[in-house]
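Encoded as C-alpha cells, the structure appears first; notes follow it.
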Amino acid sequence: MTKIAVAKGDGIGPEIMDAVLHIFTAAKVPLEYEVVEMGKWVFDKGYSNGMTPEAKQTIETLGILFKGPMETPKGKGVKSVNVTARKTWNTYANNRVFQTLHGVDTVFSKAGIPIDITVVRENIEDTYGGVEHMLTHDVALSRRLITRPGSEQVIRYAFEMAKKKRARRITCGHKANIMKITDGLFLEVFYEVAKEYPALKADDVIVDDLCMKLVTRPDTFDVVVLTNLQGDIVSDLCAGLVGGLGFAPSANIGDHICIFEAVHGTAPDIAGKNIANPTALLLSGIAMLRHLGLMESAAIIENALLYTLEQGVHTGDFGNKAIPALNTTQFADAIISNFGKQPEQGAKPIIANLPRTQTHFKLEKNEMMETKDSAPELIGGVDFFIESNEQPIAIANKCMRHAGVKFKLINISNRGTQVWPTGSVYTNLVNLYNARFESLDDRPLNQQDVLGLYISLSGDFKICSSELLLKLGEKKVYSLAQGQ
Ligand code: NAD
C-alpha cells in the first residue's frame, strides 16, 4: 500500500483533515498515512523553518505530502512553512482548479454561465524569493527573480496539463508591458513552449485586463498560467467566481515531491468550532488520489461530494440559509452516506486504477538547471545605486569625475525615472539614485574595471547595491529609465 505524509496543520487544519481522512477510510482508499510535525506549534518548539528534521526526512522519502493550512508566527522574523515547503522541494507548479459546483450558488451559476478554469501559478520565484533589503533608511528593495529554466518548468507543466484536460485555450497572464525584462522573459518562454503544442490555442493577456475579463466572461478562459504573485492574486479572484475559498483546491507539483493542500488558510476566527468547510481540502485530496493513479477511489468520493452539494447539503459558510447548516463532521458523514450515488450534473466516470505514479526518488545532489544560450554574455556597463540627498546635477558632476577612461556616465535616475541629463523638477526624489555607467568606447568591460569604478565612486558616495549591465551578443538586456 502506498504511504503518504500527512501534516494536519493549524487552526481549522486538524478538523478538516480528520474529516477528509474519515471519508478516505470509509471509501477504503488504499493509502497509509504517516503524520509529520509541521506548523506553528513546531515553530514554537524552536524549529525555525516550521518542521522537524524527521518530518523533512519522511516527506523526502515518501514524496507526497497532504497538508492542512499552517500559520506563520507573526513578528518573529520566521518565514512561512507553506512557502518553505513549496520552495525547498521545488514544487514549481501550483495547480488550482475552479469549477462550477452545483449546489454552490454564485452570480454565474444563477446566470447559467459555467466556469472551469485551471490556474497554474509559478511557485518558487518572483517576489516570493523573499530577497529583500533596506538600502537606505527610506528605501526598501525586493529582488524579483524570474528565470528561464524556472519559467520553462512551470509553463511546460501547464501545456502538458492543458493537453490532458483537452483545454480549448491556454492563456499567459503577465505585465510584460511594464516589466519588460522579467515578465518579458516569462512571456517569451511561454511562446517558445507553445510552438511544441500547435493544436492548443495559446494567447496572452495583460494581468489587469485578465482580471476584468475573468469577472465579466469567466467561461471564455480554460487554462491560465502566471508568475507567482500575479498567480496568487488571480487564483483568489477565481475562487471568488466559484463560491469562495471553501471550494478552492490546490496541488503543488514538482518532479520528485508533490504537496496537496487547500488554497485557504487556518481560519482562526472559526477554529476549534467544528464548523469549517472541508470541501477544498477534500477536492485537493481527490486530485492527490488521481495523481497517485487511484482513479476509482477519486471518482467514488467526488461523485458523492457533488451529489451531496446538489442536494443542498452545506456547512455554515455557503448554501441556502433556509436549510440548516451541518458541522464539519456531519458534512463528512453526509458525503459518506452518498457513496455510490451519481450527481445529476457532471458525474465523474469511474476509471479503473491506473498504475501509480512513481513517488520514491533518491537524489544524490542538487540539480543545476541551466539553459544554453549561444550568444556571448558581455559586460557593457554598471548601475550603481548610491545614497544621496543632493540634487541630480551635483551627483552627476561628482560621478563624472570618477568615470575615468573606460566609462561614461549615461544617466541618473530616481525610483526608475530619469532625472539627469534631462528630467523635470516636478519629479519627487528619494535618497537613492541609480547612476548608470556604460563603456566609453562600447568595448566590453571586465569585473576589474567595474571594481575600479566602485572603489573610486565610494570615495564620494555610499554604494548601496550595484548591477552589471549585460549584453547578450549585441542585445542590451537591462531596462531603460523612464524618460531615457
Ligand atoms: P483564511 O483563508 O484562513 O480565512 C479567510 C476567511 O475565510 C475567514 O473568514 C475564514 O473563516 C474563511 N474560511 C477559510 N477557510 C474556510 C473553510 N474551510 N471553511 C469556512 N470558512 C473558511 O485567511 P487569513 O485569515 O488571511 O489567514 C489566516 C492564517 O492562515 C494566516 O496565518 C495565514 O498566514 C495562513 N495561511 C495559510 C495558508 C496555507 O497553509 N497554505 C494559506 C493562506 C493563509
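The values are calculated or read from the model by the stated rules, or taken from the named source; none is laboratory data. Treat the numbers as computed from the prediction; the structure is a model and nothing was measured. Cβ sites come from the backbone with ideal geometry, for glycine too, and all protein chains shown count toward neighbours. Accessible surface areas use protein heavy atoms only, side chains included; no ligands, DNA or RNA. Shrake-Rupley method; radii C 1.70, N 1.55, O 1.52, S 1.80 Å.
Listed values, structure above:
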{"quantity": "Subset of region 465-475 that is under 29 Å from the mean Cα position of the chain (by Cα) and not hydroxyl-bearing (Ser, Thr, Tyr) - its residue that is nearest to residue 385 (Cα to Cα)", "calculated": "467"}
{"quantity": "Residue in region 24-47 that is nearest to residue 334 (Cα to Cα), counting only those that are in a helix (DSSP H, G or I) and more than 15 Å from the ligand (Cβ to nearest atom)", "calculated": "26"}
{"quantity": "Candidates 289, 305, filtered to the one that is more than 9 Å from the ligand (Cβ to nearest atom), more than 30 Å from residue 155 (Cα to Cα) and surrounded by 23 or more Cβ atoms within 10 Å (Cβ to Cβ)", "calculated": "305"}
{"quantity": "Verdict on residue 69 being at pLDDT below 90 and open to solvent by less than 20 Å² (accessible area, probe 1.4 Å)", "calculated": "no"}
{"quantity": "Set 274, 177: member being open to solvent by 20 Å² or more (accessible area, probe 1.4 Å), among the polar types (S, T, N, Q) and on the phi > 0 side of the Ramachandran plot", "calculated": "274"}
{"quantity": "Criterion (in the same structural domain as residue 31 (by TED's automatic domain parsing) and open to solvent by 20 Å² or more (accessible area, probe 1.4 Å)) met by exactly one of 362, 406", "calculated": "362"}
{"quantity": "Boolean, residue 239 is within 15 Å of the ligand (Cβ to nearest atom) and either outside the structural domain of residue 6 (by TED's automatic domain parsing) or within 29 Å of residue 110 (Cα to Cα) (or both)", "calculated": "yes"}
{"quantity": "Pick from region 255-271, criterion more than 11 Å from the ligand (Cβ to nearest atom) and open to solvent by 10 Å² or more (accessible area, probe 1.4 Å), ranking: modelled with the highest pLDDT", "calculated": "257"}
{"quantity": "Some residue of region 109-120 being within 16 Å of the ligand (Cβ to nearest atom) and in contact (Cβ under 8 Å) with a residue 12 or more places away in the chain", "calculated": "yes"}
{"quantity": "Scan of region 313-348 for residues that are among the hydrophobic types (A, V, I, L, M, F, W, C) and open to solvent by 70 Å² or more (accessible area, probe 1.4 Å), ordered by number", "calculated": "322"}
{"quantity": "Flag for residue 131 being surrounded by fewer than 17 Cβ atoms within 10 Å (Cβ to Cβ), among the β-branched types (Val, Ile, Thr) and within 30 Å of residue 463 (Cβ to Cβ)", "calculated": "yes"}
{"quantity": "Of the criteria (1) free of Cβ contacts under 8 Å to residues at least 60 places away in the same chain; (2) closer than 26 Å to residue 148 by Cα, which one residue 472 fails", "calculated": "(1)"}
{"quantity": "Complete set of residues in region 244-254 that are in contact (Cβ under 8 Å) with a residue 40 or more places away in the chain and near the ligand (Cβ under 10 Å from one of its atoms)", "calculated": "244, 246, 247, 248, 250, 252"}
{"quantity": "Condition broken by residue 134, with the remaining ones in (1) in contact (Cβ under 8 Å) with a residue 60 or more places away in the chain; (2) over 30 Å from residue 343 (Cα atoms); (3) of a type in the set (A, V, I, L, M, F, W, C) satisfied", "calculated": "(1)"}
{"quantity": "Verdict on residue 428 being open to solvent by 80 Å² or more (accessible area, probe 1.4 Å), under 15 Å from residue 463 (Cα atoms), in a loop (DSSP other than H, G, I, E, B) and outside the structural domain of residue 141 (by TED's automatic domain parsing)", "calculated": "no"}
{"quantity": "Of all residues in region 78-123 being open to solvent by 30 Å² or more (accessible area, probe 1.4 Å) and of a type in the set (A, V, I, L, M, F, W, C), the one that is modelled with the lowest pLDDT", "calculated": "78"}
{"quantity": "Residue tally, condition outside any loop (DSSP other than H, G, I, E, B), touching a Ser or Thr at 6+ places or on another chain (Cβ under 6 Å) and within 15 Å of the ligand (Cβ to nearest atom), over region 54-93", "calculated": "0"}
{"quantity": "Selection count, region 189-216, where residues are in contact (Cβ under 8 Å) with a residue 40 or more places away in the chain and over 27 Å from residue 475 (Cβ atoms)", "calculated": "2"}
{"quantity": "All helices (runs of 4 or more DSSP H) inside region 105-208 with 3 or more residues being under 18 Å from residue 231 (Cβ atoms), of a type in the set (Ser, Thr, Tyr) and in the same structural domain as residue 234 (by TED's automatic domain parsing)", "calculated": "none"}
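Okay, residues lined up against (1) open to solvent by 10 Å² or more (accessible area, probe 1.4 Å); (2) within 13 Å of residue 121 (Cα to Cα); (3) in contact (Cβ under 8 Å) with a residue 24 or more places away in the chain:
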site	(1), (2), (3)
149	yes, no, yes
153	yes, yes, yes
157	yes, yes, yes
164	yes, no, no
171	no, yes, yes
184	yes, no, no
187	yes, no, no
